[in-house]
Amino acid sequence: MKYQIFGDKLPIVTLQFEAGESIYTQSGGMTWMTDNFTMETNMKGGLMKGLGRMLSGESLFMATYTAKASGAELTIASSFPGEILPLELNGTQQWISQKSAFLCATPGVNLSTFVTKARAGFFGGEGFILQKLDGAGIVFLEIDGTVVEKNLRQGERLKVDTGNVAAFESTIKYDVETIKGFTNVLFGGEGLFLSVLEGPGKVYLQSINVSGFAARLLPYLPHRD
């Protein structure tokens, strides 16, 4: 399978298949395709896995598209201004991503839920349930805004504003800490908590915090008195 990512702030990914190759995405995720595909929609893994995906921001049903001939093309678009990040999984890696980051993947990639520690879940800005990706193949993630890659050494720590953590390897320790100082908490504009990522491993950060972005738009949206 070959792919090409197009676009600037509202990107799309076009995938070109050999006969028999497949991709799966959430129901309704396909944007356009040639007419030489078969489509199968199911809960992929059963009811419990489907419900788990819903908690992590995806749909209950997944659609699998399989090419009937070489050269078949299928395009999937991002749903928010940002970037599309491809990740190659080799069968031994595990990645943790933010809610709703999953765009599509080859069948060898498993999408499931990841439950954070209680403290990180309450205060980390993403809730208890994140997305876990493992298996072998390629997966495409939606990143909000601009993506920045960081490689953390053993014991190296990175403090990130809540909501700006896009994805990280499972070797990364994820926690939260309280911002110290009454004045900092009251007037610092950063909230009460920061996400703390500790190496070793790779981290992808995103420039947009969706919750903060939505809060900025709220005053401009029409509302009823």
Residue that is surrounded by the most Cβ atoms within 10 Å (Cβ to Cβ) [pool: residues in the stretch 16-44 that are part of a loop (DSSP other than H, G, I, E, B) and among the charged types (D, E, K, R)]: K44
Total residues in the stretch 133-153, condition in contact with a strand residue (DSSP E or B) (Cβ under 9 Å, 6 or more places away or on another chain) and not in a strand (DSSP E or B): 2
Residue match in the stretch 152-166 (condition: surrounded by fewer than 19 Cβ atoms within 10 Å (Cβ to Cβ), small (G, A, S) and modelled with pLDDT of 95 or more): yes
Only one of F187, F128 that is at pLDDT below 60, under 30 Å from G29 (Cα atoms) and surrounded by fewer than 20 Cβ atoms within 10 Å (Cβ to Cβ): F128
Count - residues of the stretch 87-100 that are modelled with pLDDT of 90 or more and either over 21 Å from Q4 (Cβ atoms) or buried (at least 20 other Cβ atoms within 10 Å of the Cβ) (or both): 8
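The values are calculated or read from the model by the stated rules, or taken from the named source; none is laboratory data. Predicted model only: the values in this text are computed from it and were never measured. Cβ sites come from the backbone with ideal geometry, for glycine too, and all protein chains shown count toward neighbours.
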